[in-house]
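The values are calculated or read from the model by the stated rules, or taken from the named source; none is laboratory data. As the structure is a prediction and not an experimental result, all values here were calculated from the model. So basically every Cβ, Gly included, is an ideal-geometry build from the backbone, and we count neighbours across all protein chains shown.
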2 protein chains.
Amino acid sequence: MEYPSKLIEEAVNEVAKLPGIGKKTALRLVLHLVKETEHRTILLTDALRNLRANIQFCRTCHNISDSDECAICRSHRRDRTIVCVVEESQDVMAIENTSQYTGLYHVLGGVISPMNGVGPHDLKIETLVGRVDRSAGEIKEVILALSPTMEGDTTAFYLNKRLNHFAIKISSIARGIPVGGDLEYTDEVTLGRSITGRTLFI
Amino acid sequence: MEYPSKLIEEAVNEVAKLPGIGKKTALRLVLHLVKETEHRTILLTDALRNLRANIQFCRTCHNISDSDECAICRSHRRDRTIVCVVEESQDVMAIENTSQYTGLYHVLGGVISPMNGVGPHDLKIETLVGRVDRSAGEIKEVILALSPTMEGDTTAFYLNKRLNHFAIKISSIARGIPVGGDLEYTDEVTLGRSITGRTLFI
């Protein structure tokens, strides 16, 4: 594609580096900014720069935060005996939206993936082990809320190995048929797990 | 959705104002920037600001340009007897990509749309009339390359009324079945136009 201006080309190239945005979408977004007032572009770029320059991560759970301790770790209303281990900050937001969990979190920053060169030392695993150790019995349960993928299962297995000498419960979120899902069209692995992980009908 | 940080919330709100980007996509893009280096965000925001601050429009055809005269209007290789009228700069890029057109362009900046409060005076129509007038016979043909919508047709009708007292040809791009399209599934208006606008088989 030939662009009418070097400025457009540079902006399109930068925007197209964002995940899931190709050159065509990037061009549409860039031309939208050109049509809008300059103030709009300044608001957008200021918000992004400000975010990147000032964002912090909680020193305890590594979740995204405005300060060095996140609102969840700071709160007195949370159950400090349970820690839910997740891959990314998005997962914390997703679980918070369910309003079904009142414990604390621990954000690993990814999963073990030898294919992508991510080993246990690239993740926040030592700090998790340290947290459980230092809590001196306050933490009673660690929930592993990782994706049901090869990498997620490998990470869960590794975490279990690192944590099973503590006197804590280690649990994993339930695998099964999603609410609204159709039994007939569920893959056999999920269906199998939904049977082995069956719960009592009360 | 509850965000873990005010900074994230502000960035998501700004990004979600872009066309076709909802809050979920905006969050994904913003968290991607947080994961990347700060330099990446600076490159992106610099490219956007630089674009918005320095972009110019050609004084003749109103296409996006690096200077006050665009590369097409400046070129000595273009056929100066034909002007193709389009809605937006994107349309110029699309037609240039076909390599089927060597004339000049005129970018209206939209189409007449009473529903959206866009009248003839909001578009670059006077400058088009002035261009044809000042060319003193050099411009021999004006091609109307507008979208085949109610608004596009209204604009084409209006332009025809404004230009038909000049000794020029006024043409419109062909309406018909797209290449690779299926006759059976073509709507009747398009099919009808493809019959009335039939061309000789050579």
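Among A:L123, A:L108, which is the only one that is of a type outside the set (F, W, Y) and farther than 19 Å from A:E96 by Cα? Walk me through it before giving the result.
On the way: A:L108 fails: farther than 19 Å from A:E96 by Cα.
After applying the criteria, what remains is A:L123.
Do the conditions hold for B:I95, that is, is it outside any helix (DSSP H, G or I) and either within 21 Å of A:A11 (Cβ to Cβ) or more than 7 Å from every other protein chain (Cβ to nearest Cβ) (or both)?
For B:I95, the condition - outside any helix (DSSP H, G or I) and either within 21 Å of A:A11 (Cβ to Cβ) or more than 7 Å from every other protein chain (Cβ to nearest Cβ) (or both) - is not met.
Taking the criterion of being modelled with pLDDT of 95 or more and under 17 Å from the mean Cα position of the chain (by Cα), would at least one residue in region B:168-175 satisfy it?
Of region B:168-175, the ones modelled with pLDDT of 95 or more are none.
There is no residue in region B:168-175 that is modelled with pLDDT of 95 or more and under 17 Å from the mean Cα position of the chain (by Cα).
Hey, among A:T186, A:T154, which residue is in contact (Cβ under 8 Å) with a residue 12 or more places away in the chain and either on the phi < 0 side of the Ramachandran plot or not assigned by TED's automatic domain parsing to the domain that holds A:E69 (or both)?
Values: A:T186 fails: in contact (Cβ under 8 Å) with a residue 12 or more places away in the chain.
Matching residue, one of A:T186, A:T154: A:T154.
Can you spot a residue in region A:16-27 that is on the phi < 0 side of the Ramachandran plot and touching a residue at least 24 places away in the same chain (Cβ under 8 Å)?
So in region A:16-27, the residues on the phi < 0 side of the Ramachandran plot come out as A:16-19, A:21-27.
Checking which are touching a residue at least 24 places away in the same chain (Cβ under 8 Å) leaves us with A:27.
Taking every residue of region A:16-27 in turn, at least one turns out to be on the phi < 0 side of the Ramachandran plot and touching a residue at least 24 places away in the same chain (Cβ under 8 Å).
Looking only at residues in region B:95-134 that are within 22 Å of B:T81 (Cβ to Cβ) and of a type in the set (A, V, I, L, M, F, W, C), which one is surrounded by the fewest Cβ atoms within 10 Å (Cβ to Cβ)?
Of all residues in region B:95-134, those within 22 Å of B:T81 (Cβ to Cβ) come to B:95-96, B:98-108, B:124-134.
Applying the additional criterion that residues be of a type in the set (A, V, I, L, M, F, W, C) yields B:95, B:104, B:107-108, B:125, B:128-129, B:132.
Numbers: B:I95: 18, B:L104: 21, B:V107: 25, B:L108: 23, B:I125: 21, B:L128: 22, B:V129: 15, B:V132: 20.
Of everything passing the filter in region B:95-134, B:V129 is surrounded by the fewest Cβ atoms within 10 Å (Cβ to Cβ).
Just for helices (runs of 4 or more DSSP H) wholly inside region A:1-88: which have at least 1 residues that are loosely packed, with under 13 Cβ neighbours inside 10 Å and more than 9 Å from chain B (Cβ to nearest Cβ)? Let's see the steps before the verdict.
Working: elements: A:6-15, A:23-35, A:38-54, A:71-74.
Correct list: A:23-35, A:38-54, A:71-74.
Rundown of residues vs (1) at pLDDT below 90; (2) within 23 Å of B:C70 (Cβ to Cβ), yes/no style:
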site	(1), (2)
B:G117	no, no
B:L123	no, yes
B:E141	no, yes
B:T154	no, no
B:L163	no, yes
B:Y185	yes, no
B:T190	yes, no
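Go through region B:148-181 and report how many residues are among the polar types (S, T, N, Q) and either in contact with a His (Cβ under 7 Å, 6 or more places away or on another chain) or part of a loop (DSSP other than H, G, I, E, B) (or both).
Number of matching residues: 2.
For region A:120-147, enumerate the residues that are without any contact (Cβ under 8 Å) to a residue 40 or more places away in the chain, more than 20 Å from A:F57 (Cβ to Cβ) and either under 17 Å from the mean Cα position of the chain (by Cα) or part of a helix (DSSP H, G or I) (or both).
Answer for region A:120-147, where residues must be without any contact (Cβ under 8 Å) to a residue 40 or more places away in the chain, more than 20 Å from A:F57 (Cβ to Cβ) and either under 17 Å from the mean Cα position of the chain (by Cα) or part of a helix (DSSP H, G or I) (or both): just A:D133.
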